[in-house]
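One structure below.
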Amino acid sequence: MAQTILGWREWISLPDLGIDGIKAKIDTGARSSSLHAFDIQAIDINGEQWVEFKVHPQQHQTNTTVPCRARIKDYRQVTDSGGHRSMRYVIETTINIGAEQFTAEMTLADRSQMMFRMLVGRTAMKSRYTVDPGRSYCASQKPPRTAGTI
């Protein structure tokens with residue numbers, strides 16, 4: 001079966017989190033996926049560990065905020081591209097890229113100083129996609145403007 005081709009950046013949605021559109025860097029050099037999050041707070045719901053957080057889905061903008069909540073899957077040490085280690089919450093959520101939908105793990109991190117608010121790592125893409133680093137938006141197009149969109 002032929003794999004879908006992705007460009008080095010794509011529009012994705014995270015429907016479980018209420019994010020209709022966010023521009024993501026498709027990064028085969030990163031093992032895990034990461035979502036920009038702030039005001040991160042662990043909470044207990046009926047004896048289960050959850051995390052509440054907020055997301056600014058728009059690049060270089062803070063005027064749109066999406067409040068999110070997800071079950072905590074893990075709490076892991078992650079090494080960033082600069083070699084810095086930090087502990088991050090790991091959640092599992094649905095990702096839509098183009099016509100495909102799947103569930104993947106992602107860490108929550110402050111990506112406000114990064115070029116992209118979302119990073120899709122190779123673990124999420126494994127056996128699903130081929131990445132063409134010379135192209136952009138191969139499987140997606142900019143979503144219509146809504147509250148949880150750029």
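Where a number appears in this text, it was derived from the coordinates with a stated rule and is not lab data. Nothing here was measured: the structure is a model prediction, and the numbers come from that model. Every residue, glycine among them, receives a Cβ derived from its backbone with ideal geometry; neighbour counts consider all protein chains shown.
Which value does Rg/Rh take for region 36-94 over its C-alpha atoms, Rh per Kirkwood?
When Rh is taken as the Kirkwood radius, the ratio is 1.01.
Only four residue types carry charge here, +1 at the Cβ of Lys and Arg and -1 at the Cβ of Asp and Glu. Report the dipole size of region 4-132 about the Cα centre in Debye, rounded to the nearest 20. Could the numbers behind the result be given before it?
Details: 16 positive and 15 negative charges, 72 e Å.
Using only the charged Cβ atoms, the result is roughly 340 debye.
Which distance in Å, rounded to a whole number, links the C-alpha centroids of region 82-122 and region 1-73?
Centre-to-centre (Cα) distance: 6 Å.
Considering only DSSP beta bridges whose two residues both sit in the chain, what percent are antiparallel, to the nearest 5? Could you put the intermediate results ahead of the total?
On the way: 36 of 48 bridges.
That works out to approximately 75 percent antiparallel.
I'd like to know which of Pro15, Asn96, Ile45 lies farthest towards the positive end of the charge dipole of region 4-132, counting +1 on Cβ of Lys and Arg and -1 on Cβ of Asp and Glu.
It is Asn96, whose Cα lies furthest towards the positive end.
Once Rh for the chain is found with the Kirkwood sum over Cα pairs, what is the Stokes-Einstein diffusion coefficient at 37 °C and 0.692 mPa s, in µm²/s?
211 µm²/s
Show that you can apply the helix-only estimate: for the chain, add -39,500 (n - 2.57) for every DSSP H stretch of four or more residues, divide by all residues, and state [θ] at 222 nm to the nearest 500.
-500 deg cm²/dmol
Can you figure out the FRET efficiency of Arg71 with Ser136, using R₀ = 41 Å and their beta-carbon distance, to the nearest 0.05?
0.80
Please give the residues of region 26-44, grouped as numeric ranges, whose backbone N is less than 18 Å from a label point set 7 Å along the Cα-to-Cβ vector of Ile5.
Once the point is set 7 Å along Cα→Cβ of Ile5, 26-28 turn out to lie under 18 Å by backbone N, inside region 26-44.
Could you give log10 I(q)/I(0) at q = 0.24, 0.26, 0.32, 0.35 Å⁻¹ for region 96-136, computed by the Debye formula over C-alpha point scatterers of equal weight, without solvent?
Cα-only, vacuum Debye calculation for region 96-136: -1.07, -1.15, -1.24, -1.27.
Output wanted: per-residue J couplings in Hz (rounded whole) for region 2-8, from phi through Karplus 6.51 cos²θ - 1.76 cosθ + 1.60, θ = phi - 60°, x for Gly and Pro.
6, 7, 5, 8, 10, x, 6
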